[in-house]
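Here is the structure we will look at, set down as structure tokens.
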Amino acid sequence: MKTLYKKIYLIICLIYCEIITNLENLFLRNFKSKSKLELEGFLKISKNSKLDISNKKFDFILDNNERSFYSNKYQKKIILNKENLREVIKMIFNKQFCNFLTLQTGFKYSIDFFGAYQNFAISEEEKDQPWYANHYHLDKPNSKNMLKVFIPMSEIEMNNGPLELINIKQTKRYNLKKINIEDERKIYLVGGLGDVFLCKLNVCLHKARIPDESYSTDLIMIQLNPSRRWQLNSGLYKRQFKTEPKFTTLSNKFVRRIKF
């Protein structure tokens, strides 16, 4: 019976994804971009880029003793108070960065989820369990146009457990059962303070790699969904305490969004 429910749920997710994606492309997309982000599904913005955001460091979130709690024994969530959350959002989404994102995809966005977290090493006996998305998956149910912004709060090298993904083309081949995912070339989002990663994780298979013992992954993750204008979800602060919302386009009908 569980297998049947799972199949029905997956079908609902696929239908939802296709409908929402097509509606966004039709009514919200300003132009069709051929950027690397759109073609491959990911983009690293180097700390040496000309974008203002690359000059900003967010390690102060780890240093300022913000409120935190363990969502499970291998992941800690760091909760920014309302004032600090507003300041961090302003620091990231200045006019230059918003315009850059629109040029990459053709969309303006609603900022619908913010999370600052630390992932830790998982014991050998429990690595087969999905503690923090540490198995390959797609971010469904969501639009294919959903964009995620990842910002390191400290250096992220291979031993820190970076995000691991395969590009759009490889993901399509995998979905058609033409490849074995373990044989494909992986992309690892390694970097440090000042780097920014953009990912379309409903079209790129991915997972959170497990850090080595005594290491951690320290990241900010922000979920963006296409919108008529740049705006901020009024529930952003409270959503820090919860898991990332599913069926975001529908759930947003019940929350106010603020122009900024």
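The values are calculated or read from the model by the stated rules, or taken from the named source; none is laboratory data. Keep in mind that this is a model prediction, so the values were computed, not measured. Counting neighbours? That spans all protein chains shown, and the Cβs are built from the backbone with ideal geometry, glycine included. Only protein heavy atoms, including side chains, enter the accessible area calculation; ligands, DNA and RNA are left aside. Shrake-Rupley method; radii C 1.70, N 1.55, O 1.52, S 1.80 Å.
Does region 83-93 include one or more residues that are in a loop (DSSP other than H, G, I, E, B) and under 18 Å from the mean Cα position of the chain (by Cα)? Quick ask: steps written out before the conclusion?
Of region 83-93, the ones in a loop (DSSP other than H, G, I, E, B) are 93.
Within this subset, residues satisfying the condition of being under 18 Å from the mean Cα position of the chain (by Cα) are 93.
Among the residues of region 83-93, at least one is in a loop (DSSP other than H, G, I, E, B) and under 18 Å from the mean Cα position of the chain (by Cα), which makes the answer yes.
Within region 146-159, does at least one residue satisfy the condition of being open to solvent by less than 20 Å² (accessible area, probe 1.4 Å) and over 26 Å from LYS108 (Cβ atoms)? Don't jump to the end; show me each part of the working.
Step one: list which residues in region 146-159 are open to solvent by less than 20 Å² (accessible area, probe 1.4 Å), which gives 146-153, 156.
If we keep only those that are over 26 Å from LYS108 (Cβ atoms) too, we end up with 153, 156.
Scanning region 146-159 turns up at least one residue that is open to solvent by less than 20 Å² (accessible area, probe 1.4 Å) and over 26 Å from LYS108 (Cβ atoms).
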Revision key, fill the gap. Sole miss for THR171 among (1) more than 22 Å from ILE111 (Cβ to Cβ); (2) surrounded by fewer than 22 Cβ atoms within 10 Å (Cβ to Cβ) is condition (2)
Review point. Can you tell which of ILE78, ILE20, ILE11 is in contact with a Phe, Trp or Tyr (Cβ under 7 Å, 6 or more places away or on another chain) and not aromatic (Phe, Trp, Tyr)?
Key: ILE78
Practice item. Considering every residue within region 233-242, establish whether at least one is over 25 Å from ASN94 (Cβ atoms), touching a residue at least 60 places away in the same chain (Cβ under 8 Å) and loosely packed, with under 15 Cβ neighbours inside 10 Å. Key: yes
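Looking at the structure I just gave you, is GLY115 in contact (Cβ under 8 Å) with a residue 24 or more places away in the chain, open to solvent by 10 Å² or more (accessible area, probe 1.4 Å) and under 25 Å from THR249 (Cβ atoms)? Before the answer, list the steps.
Working: in contact (Cβ under 8 Å) with a residue 24 or more places away in the chain: yes; open to solvent by 10 Å² or more (accessible area, probe 1.4 Å): yes; under 25 Å from THR249 (Cβ atoms): yes.
Spelling it out, GLY115 is indeed in contact (Cβ under 8 Å) with a residue 24 or more places away in the chain, open to solvent by 10 Å² or more (accessible area, probe 1.4 Å) and under 25 Å from THR249 (Cβ atoms).
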Exercise for review: Mind counting the residues in region 43-63 that are touching a Ser or Thr at 6+ places or on another chain (Cβ under 9 Å), open to solvent by 40 Å² or more (accessible area, probe 1.4 Å) and within 16 Å of ILE156 (Cα to Cα)?
Suggested key: 4
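Quick one: in region 244-260, which of the residues that are loosely packed, with under 12 Cβ neighbours inside 10 Å and touching a residue at least 12 places away in the same chain (Cβ under 8 Å) is farthest from VAL149 (Cα to Cα)? So that I can check it myself, show each step before the final result.
Taking region 244-260 as the starting set, the residues that turn out to be loosely packed, with under 12 Cβ neighbours inside 10 Å are 253-254, 256, 258-259.
Okay, now just the ones that are also touching a residue at least 12 places away in the same chain (Cβ under 8 Å), so 256, 258-259.
On the way: ARG256: 22, ILE258: 20, LYS259: 19 Å.
Top of the filtered list is ARG256.
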Practice item. Determine if region 166-175 includes at least one residue that is touching a residue at least 12 places away in the same chain (Cβ under 8 Å) and in contact with a strand residue (DSSP E or B) (Cβ under 8 Å, 6 or more places away or on another chain). Key: yes
Practice item. Any chance you could count how many residues in region 145-197 are under 13 Å from PHE42 (Cα atoms), part of a loop (DSSP other than H, G, I, E, B) and in contact with a Ser or Thr (Cβ under 9 Å, 6 or more places away or on another chain)? Key: 2
Exercise for review: Considering only region 118-144, state which residues are free of Cβ contacts under 8 Å to residues at least 40 places away in the same chain and part of a loop (DSSP other than H, G, I, E, B).
Suggested key: SER123, ASP128, GLN129, PRO130
Exercise for review: Name, by its number, the condition in (1) exposed (fewer than 15 other Cβ atoms within 10 Å of the Cβ); (2) modelled with pLDDT of 95 or more; (3) among the acidic types (Asp, Glu) that does not hold for GLU40.
Suggested key: (1)
Point to revise | Neighbours by Cβ (under 9 Å, 6+ apart or cross-chain): first from region 73-100, within 16 Å of LEU224 (Cα to Cα) and modelled with pLDDT of 95 or more; second open to solvent by less than 30 Å² (accessible area, probe 1.4 Å) and among the small types (Gly, Ala, Ser) | key: VAL88/ALA116
